[in-house]
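The structure appears below as structure tokens.
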Amino acid sequence: MDFNHLMLLIGTNPLPNYVAASYFLARDSGLKKITAVYTPETYAIALRLQRVLRQAWERVSFHLCGLPEAGNPAAIRHEIAQYLKNFRHDRLHLNYTGGTKSMAVQAYRTVFTETTPGTASFSYLDAHDFRLKSDEGVSLSGDLRTEIHLSFDDLLALHECRKLAPSSEVDWGPANAVITDFVRRGWVHDFIAWKNATIRQLFYDNEALRRPSRVRREELAEGQPFYTQAQRVIAAFPAEQAWHFDERGELKLPEAKKDFKAFAQGILYLDGRWLEYYVTALLQEKIAQEQPGWEVLHNWRLVKGEAEKDFEIDAMLLIGYQLCGISITTARKESDCKGKAFEILHRVQQMGGEEARALLVTVLAEDRLTGEELARKIERDLEVDTGGQQPLRILGVRELRPERLWERIREHFAAEPVR
């Protein structure tokens, strides 16, 4: 396939364009021009794509071809035909992955008819097996997850997202070790039951964290046989989050707002963040040992464009260019977990396109009446809601043991593409 000019159709997600351009640029030193065909709605996206590609490929000239709208076939053909008059002698290659279906059809027709016979070629990125293919379905590449390596910074730049500084890092390693022991012993729900009966009652007004006037040791232990084990977690807290009781058995609560904010991180850990830290610590350890090519980002809040509201994905992984997202929750209501599942699926597909995959880690067990695993039930419900696609997996409490959890994560994210 010999060409010197690549034409891309710009849709709402620039990632497929980036992948196609990066593949051809890396393999064809004769590629000198890239044209982005955009609509008024995708003009800013075309500019972002150009900025990111220019950082790596200075030799290439970038051009823009504007369409008045995405759904007017005659206008699409006219604008592209007029544009191509400026490049009569180019050997053109159209990648028609992006844009609308109408843009793809009309751009293909126009390039085919307006160029010298035999000088134009065509391709698309197949989301099912991560390969570039010719218009006849012949693979032009291997699995591009192993060939195109996208950084988190470039991914965020493509989507006009910026990272907000994370909270100060706290070493939860010793506490995570106790949590790991609870998981192995099957004590997760015992821990949560103790937390709900004590931490939730003492430190929260509904969902709002508060500073109580006092907390007595007996309030944490009375009628709570699991308190003895829960103390092991608290005893493993870092210095700023450490718990100290006076001679009367009352917890010493920091007076200063700044000091209580640091102390409260321990409350948040007990209330549910323990699962987030447990999962992300396991991810970092296993990826470093077994999947060094994977990149992981966690504990970051993101803002898109000029939006005032930020959003957070508990953990994001990049496997080559494929985005994989993990949401983590200790909620036990089916409706809450479904909401989390929809959110993570929406976020990763918004940024990673059709190739993205998502996973929700929960503490769900079995339905008391039917004995059915709730995680499987929700997963099946979502499969119906998403048209039978399989981009999402939901894990329950039975799959939290470290070896099993890593096995399921790797199984889902590194799965062979569907052919």
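Observations on the model:
- For the stretch 201-213, taking the residues that are open to solvent by less than 70 Å² (accessible area, probe 1.4 Å) and part of a helix (DSSP H, G or I), the one that is farthest from F263 (Cα to Cα) is identified as L202.
- Residue within the stretch 356-374 that is over 30 Å from V178 (Cβ atoms), of a type in the set (G, A, S) and open to solvent by less than 10 Å² (accessible area, probe 1.4 Å) present: yes
- Yes/no for L164 being out of contact with any His (no Cβ under 9 Å at 6 or more places or on another chain) and open to solvent by less than 20 Å² (accessible area, probe 1.4 Å): no
- Contact annotation: residue pairs with Cβ atoms under 8 Å, 6 or more positions apart or on different chains, pairing a residue in the stretch 153-179 that is on the phi > 0 side of the Ramachandran plot with a partner that is at pLDDT 90 or above and surrounded by fewer than 20 Cβ atoms within 10 Å (Cβ to Cβ), are E160/A44; E160/R48.
- Selection count where residues are over 20 Å from the mean Cα position of the chain (by Cα) and part of a helix (DSSP H, G or I), scope the stretch 335-374: 2
- Residue within the stretch 92-101 that is buried (at least 17 other Cβ atoms within 10 Å of the Cβ), over 30 Å from the mean Cα position of the chain (by Cα) and over 30 Å from L318 (Cα atoms) present: yes
- Within the stretch 214-332, helices (runs of 4 or more DSSP H) holding 2 or more residues that are surrounded by fewer than 13 Cβ atoms within 10 Å (Cβ to Cβ): 227-235, 257-268, 274-290
- Scanning the stretch 39-59 for residues that are out of contact with any strand residue (DSSP E or B) (no Cβ under 8 Å at 6 or more places or on another chain) and among the β-branched types (V, I, T) yields T42, V52.
The values are calculated or read from the model by the stated rules, or taken from the named source; none is laboratory data. Just so it is clear, the structure is predicted and the values come from calculations on it, not from any experiment. In this analysis, Cβ positions are derived from the backbone assuming ideal geometry, glycine residues included, and neighbour counts consider all displayed protein chains. Remember, those area values only see protein heavy atoms, side chains included, never the ligands or the DNA or RNA. Shrake-Rupley method; radii C 1.70, N 1.55, O 1.52, S 1.80 Å.
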